[in-house]
Structures are given as structure tokens and as C-alpha cells.
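The values are calculated or read from the model by the stated rules, or taken from the named source; none is laboratory data. On a predicted model such as this, the values are computed, not experimentally measured, just so you know. Cβ placement follows ideal geometry from the backbone for every residue including glycine, while neighbour counts extend to all protein chains displayed. Heavy atoms of the whole protein, side chains included, go into the accessibility calculation; ligands, DNA and RNA do not. Shrake-Rupley method; radii C 1.70, N 1.55, O 1.52, S 1.80 Å.
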Amino acid sequence: MTNIMLDLETLGIKSDSVILSIGAVYFDEKAITEEFYTTINMQSCVDYGLKIYPHTLQWWMNQSDKAKIGLFDSTTSLPDALMDFSKWVLKGADEVRMWGNGEDFDNVLLRQAYLSAGFSPLCIPWNFRNNMSYRTLKNLLPHVKMDRIGEHHNALDDAKSQALHSIQLLKELENGSKK
């Protein structure tokens, strides 16, 4: 089974929040092997029933200009972004473990976006049984520190940082189980 680390930048923390960008990487026990990144048109998300939460929009206004590059002027529609993501996921593996930051955030929001955009649950490119929580993994081993790469709150950079950290964490768990 293949691992994908997913990170979203959104305009809320509820499952029906607008998604501004999707960053994801394939990773194995040694390295990141493939990358995916897209931004999504905010109005397209709203047109499909996703919501902008003012508190999060205000939070974005206080983030770095580098983190906001391309997030608020994308022309990619929600369905097109989701189709591109599905094609990317499915070209790499028949079955994937989809890692997100928490059991209630990235994977849940992306799954809801597929449904809101009219995709059948069967078109979501990972099985719900393979939802994995990066937040749970990192909390199991808090002494293993993350080395952040790139720009904080850039979905691709965050996905890369989390995947590299996960590689360390999973090695640590494996080594601990051999003792």
C-alpha cells in the first residue's frame, strides 16, 4: 500500500469550508517520491456550497505574503481541481493510505468537497478505511521533532514537511517495536 500526505489550505475548519489549495506527496519509508499542488477558485467552491468562515479569512490576512501567493486569484474550478487530484492519486497506486493532519480535518474536508461538487462517493480516490492521522502519529512520539521546509501554510510545503516527519516517526516506531 502506498502513502500520501495531504495538506489543505482552507477558509474554515468545518467540513464544509472553502478549500484554497491542495498539496500532497507520495512517500515511502525513505523519501518523497511524487508531488501534487493546485489552487482552487474560491467562488467556485462557494458555488458548490462550501463556505467562507470570516474568522479564518481574517487569520489569512495576517499570514505572510509568500503563504498567500496564488491562493486568492486561482482560476481552477473545484471540480477540475478534484479531477486533477484524483488522476494524480490513481496514477501512482491502486490503493493508498491518505494521511491528513488530524482525523477530522484534511481528509474529511476533501471528501466533503468531492461530495459537494457532485462526485459519487465511489469517485473519491481513497477508501475511507485508509484515512490516516498524521496528528495522532506525531503525538505518539513528541520527542521526534519536525524540520520544516519551505513556507509555512503553503499546502505543498506543509505536506512535504509532514511526510518527511512521518518517515522519521514511522522508523522510530519500527525500531521501538524491534527492541
Where is the GNM fluctuation largest for the chain (alpha-carbon springs, 10 angstrom cutoff): Lys87, Lys160, Lys138? Lys87
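Among the DSSP beta bridges whose two residues both lie in region 21-144, what percent are antiparallel, rounded to the nearest 5? Kindly include the intermediate steps, with their values, before the conclusion.
Details: 7 of 10 bridges.
Beta bridges within region 21-144, antiparallel portion: roughly 70 percent.
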Shape category assigned to region 103-179 from the gyration tensor of Cα positions, a/c cut at 1.5: oblate
When the dipole is taken about the Cα centre of region 46-134, and only Lys, Arg (+1) and Asp, Glu (-1) are charged at their Cβ, what size is it in debye, to the nearest 20? 80 debye
Peptide ranges 13-21, 113-121, 146-154 listed from the most packed, as the mean C-beta count within 10 angstrom indicates: 13-21, 113-121, 146-154
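I need the shape label for region 22-71. Rule: rounded when a/c is under 1.5, else prolate if a/b > b/c, else oblate, with a, b, c from the alpha carbon gyration tensor. Please list the in-between numbers first.
On the way: a/c = 2.72, a/b = 1.72, b/c = 1.58.
Note, shape of region 22-71 comes out prolate.
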Ignoring ligands, DNA and RNA, please state the percent of accessible area on the chain from carbon and sulfur, probe 1.4 Å. 52 percent
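Which of the helices in the chain meet the span-like rule: DSSP H, Cα axial reach of 18 Å or more, Kyte-Doolittle mean at least -0.5? Intermediate results must be reported in sequence, preceding the final value.
Numbers: long enough: 78-92 (22 Å, 0.24); 155-177 (32 Å, -0.41).
Qualifying helices: 78-92, 155-177.
Per residue, how much accessible area does the chain have with a 1.4 Å probe, in Å²? The partial results should precede the final answer.
Details: 9190 Å² over 179 residues.
Value returned for the chain: 51 Å² of accessible area per residue.
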Most positive-pole-ward Cα, Met1, Pro121, Ala159, against dipole of the chain from beta carbon charges: Met1
What shape does region 38-162 have by the C-alpha gyration tensor, where a ≥ b ≥ c are the square roots of the eigenvalues, rounded means a/c under 1.5, and otherwise prolate means a/b greater than b/c and oblate the rest? oblate
Among Leu57, Leu82, Ile32, flag the residue with its Cα farthest along the positive direction of the charge dipole of the chain, charges on Cβ as +1 for Lys/Arg and -1 for Asp/Glu. Ile32
